[in-house]
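Trainee: Input: one structure, supplied below.
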Amino acid sequence: TMPLRTARRLCPQGVFITGHHRLYREYSERFLALLDGYSPLVEPVSLDEAYIDLTGTELLFGPPVETARLIQQRVAQELRLSISVGVATNKLVAKVASDHRKPGGFTVVPPGQEAAFLAPLPVEKLPGVGPHLLAQLHDRGVSTVGDLAQVPASLLRLSFGEVGELLAHRARGEDPRQVIPREEVKSISREHTFEEDVSDNEMLESTLIALTEDVCRRLRHKRLEARTVTVKIRYSDFVTHTCSRTLPRPLDVDEVFFEEVLALFRRGRRRRYRLRLVGVGLSNLVPRAWQDDLFDQEVPLLRELDLKLDAIRERYGKEAVRRGVTFSYNWLTASYTRTSERAVSSQARPG
């Protein structure tokens, strides 16, 4: 890849399009959240790459190969992204397999066929074989992974030290590394700092509702429920207060948390100072229950509504569908939009 500085120097008349890193992170989180629904063992490697261990998921989702195909299809349908998938018994071979057919490839390496799959590939396809090491291998007559596998491990160790021993294992398709999941989520929160200190309750509560929608959406994406809700208030003199309440049971529906957040805010705001910041946090997180309380028929209906709203926003953007009370809050700029500009703002961004 050519550095941007070099490209500008070589082609000063060129048109250079900047990236949208916030959008990339958002899609990365959505991709990882989708994977989390199939296994607790998901290891992100970068914004656009991750390992998932499907061991033991057969009873829930069927054979791993079928699950991998379903994941590829869902990413295409729900995120409108093309991904390449490699299915194998370890991380090394799965990585090489995923790179084997791009874009949109799907490569399966059956158990016991790891070395045979790797053998005809150029040796630089092995992770860790960079230009310098590749030149040394070529000098020794090694062009393919199969060639490398024929070199005695003792000779590779003698020539390259610990790297040589690692190469010997990789050439045979051996990799003992485990899939290491992301650190467990302890809480989910969102804060907003106003450009100017605010005293208007409509502005403040509109912002709190918008923040609550966002943290609840992230909660559902991670298939979690929360018992404790916290509201944070920072006054114009920088004094900060927090109020919390723990619910009788964990939930993930917007409507319940709207009521709790507004109640905490009204109870906790005891000073007459303007506010500089408000925030909403959810904690005491537990995995989503498979079955709702049989005596509470309202929660499943509210969750169904929330999930449909989530799906619309994921496909068309956060502004595509909104509750009327949040029109004072601008998701795109994360800033308050004055009342007089509400209609203009909503019409200018059709989603």
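The values are calculated or read from the model by the stated rules, or taken from the named source; none is laboratory data. Quantities reported herein were computed from a predicted structural model and do not represent experimental measurements. No Cβ is skipped: glycine too gets one built from the backbone with ideal geometry, and neighbour counts run over all protein chains shown.
Trainee: Quick check: is even one residue across segment 71-85 more than 20 Å from the chain's Cα centre (by Cα) and either among the aromatic types (Phe, Trp, Tyr) or closer than 21 Å to ASP36 by Cα (or both)?
Mentor: No, every residue in segment 71-85 fails to be more than 20 Å from the chain's Cα centre (by Cα) and either among the aromatic types (Phe, Trp, Tyr) or closer than 21 Å to ASP36 by Cα (or both).
Trainee: Then there's this: Of all residues being in a helix (DSSP H, G or I), in contact (Cβ under 8 Å) with a residue 60 or more places away in the chain and not aliphatic (A, V, I, L, M) in segment 7-45, which is nearest to THR55 (Cα to Cα)? Just the residue, please.
Mentor: ASP36
Trainee: Something else about it: Give me the helices (runs of 4 or more DSSP H) completely within segment 114-196, filtered to those with at least 2 residues that are over 30 Å from GLY281 (Cβ atoms) and over 37 Å from the mean Cα position of the chain (by Cα), ordered by residue number.
Mentor: Ranges flagged: 131-139, 145-150, 153-160.
Trainee: Kindly indicate whether any position in segment 323-339 is at pLDDT 70 or above, part of a loop (DSSP other than H, G, I, E, B), under 29 Å from the mean Cα position of the chain (by Cα) and not aliphatic (A, V, I, L, M).
Mentor: Yes, segment 323-339 contains at least one residue that is at pLDDT 70 or above, part of a loop (DSSP other than H, G, I, E, B), under 29 Å from the mean Cα position of the chain (by Cα) and not aliphatic (A, V, I, L, M).
Trainee: How many residues are among the small types (Gly, Ala, Ser), in contact with a helix residue (DSSP H, G or I) (Cβ under 6 Å, 6 or more places away or on another chain) and surrounded by 20 or more Cβ atoms within 10 Å (Cβ to Cβ) if we restrict to segment 68-127?
Mentor: Residues flagged as among the small types (Gly, Ala, Ser), in contact with a helix residue (DSSP H, G or I) (Cβ under 6 Å, 6 or more places away or on another chain) and surrounded by 20 or more Cβ atoms within 10 Å (Cβ to Cβ) within segment 68-127 amount to 2.
Trainee: For segment 23-58, what are the residues that are in contact with a helix residue (DSSP H, G or I) (Cβ under 8 Å, 6 or more places away or on another chain) and aromatic (Phe, Trp, Tyr)?
Mentor: Across segment 23-58, the qualifying residues are TYR27, PHE31, TYR38, TYR51.
Trainee: One residue is enough: does segment 30-41 have a residue meeting the conditions among the aromatic types (Phe, Trp, Tyr) and under 25 Å from ARG313 (Cα atoms)?
Mentor: yes
Trainee: Against the condition under 35 Å from the mean Cα position of the chain (by Cα), of a type in the set (Lys, Arg) and not in a helix (DSSP H, G or I), how does ARG217 come out, does it pass?
Mentor: Against the criterion (under 35 Å from the mean Cα position of the chain (by Cα), of a type in the set (Lys, Arg) and not in a helix (DSSP H, G or I)), ARG217 does not qualify.
Trainee: Looking only at residues in segment 197-212 that are charged (D, E, K, R) and more than 30 Å from the chain's Cα centre (by Cα), which one is surrounded by the fewest Cβ atoms within 10 Å (Cβ to Cβ)?
Mentor: GLU202
Trainee: Here's another thing I want to ask about it. Consider VAL96 carefully, then state whether it is under 20 Å from ARG170 (Cβ atoms), in contact (Cβ under 8 Å) with a residue 24 or more places away in the chain and touching a strand residue (DSSP E or B) at 6+ places or on another chain (Cβ under 8 Å).
Mentor: yes
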